[in-house]
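The values are calculated or read from the model by the stated rules, or taken from the named source; none is laboratory data. Here the structure is a predicted model, which means the values were calculated and not measured. Here the Cβ positions follow ideal geometry from the backbone for every residue, glycine too, while neighbour counts run over all protein chains shown.
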Amino acid sequence: MNNGRFATALHLLTLLRLNRGELLSSDYMAGSVNVNPAVVRKELSNLRDHGLVTSKEGRGGGYSLGKPATQIHLSEVYQLVNDTHVLGRSNEPNPECPVGRQINGHLQELYCRADEALLNQLGQLTLEDFGRKLD
């Protein structure tokens, strides 16, 4: 269900917040997250495409936050990296079964409510709030 992208993205953004004013390399950040640098570069590219990260190419280049940590809500990060419901996906039940023919509609409603609750909670926290816990 959880592919770890939210944790990776939040780790990267928190590193950039902690090192404000410095450009961090993807290799350095990959060492902190303990994943392959290609995974980090892919996530940083996604974050850059959505304005959360900026990059400078070439010697002495690297990554930095694209906007202040106080303006990055955790719900925004979650939505950028997540493509499934927090509770997962539904199955392909037997349409001849009295439960099977109607359960997915009810599951969809439940999944939407769970997603909404999570996004509301994450929307109350900024990267700055989260990062302060690590200062």
Out of (1) surrounded by 17 or more Cβ atoms within 10 Å (Cβ to Cβ); (2) more than 23 Å from residue 15 (Cβ to Cβ); (3) among the charged types (D, E, K, R), the one residue 76 does not meet is (2)
Residues in segment 38-80 that are over 14 Å from residue 19 (Cβ atoms), of a type in the set (Val, Ile, Thr) and modelled with pLDDT of 95 or more total 4
Restricting segment 119-135 to residues that are among the hydrophobic types (A, V, I, L, M, F, W, C) and modelled with pLDDT of 95 or more, the one farthest from residue 75 (Cα to Cα) turns out to be 130
Scanning segment 18-47 residue by residue, the ones that are in contact with a strand residue (DSSP E or B) (Cβ under 6 Å, 6 or more places away or on another chain) and part of a helix (DSSP H, G or I) total 2
Exactly one of 123, 100 is among the small types (Gly, Ala, Ser) and under 21 Å from the mean Cα position of the chain (by Cα), and that one is 123
When segment 86-135 is checked residue by residue, the ones that are of a type in the set (D, E, K, R), assigned to a loop (DSSP other than H, G, I, E, B) and either surrounded by 13 or more Cβ atoms within 10 Å (Cβ to Cβ) or free of Cβ contacts under 8 Å to residues at least 60 places away in the same chain (or both) are 89, 92, 96, 101, 133
Considering segment 45-73, residues that are loosely packed, with under 12 Cβ neighbours inside 10 Å and among the basic types (Lys, Arg), and then whichever is nearest to the chain's Cα centre (by Cα), we arrive at 56
Filter segment 29-44 for residues that are buried (at least 17 other Cβ atoms within 10 Å of the Cβ) and touching a residue at least 24 places away in the same chain (Cβ under 8 Å); the one that is nearest to residue 5 (Cα to Cα) is 43
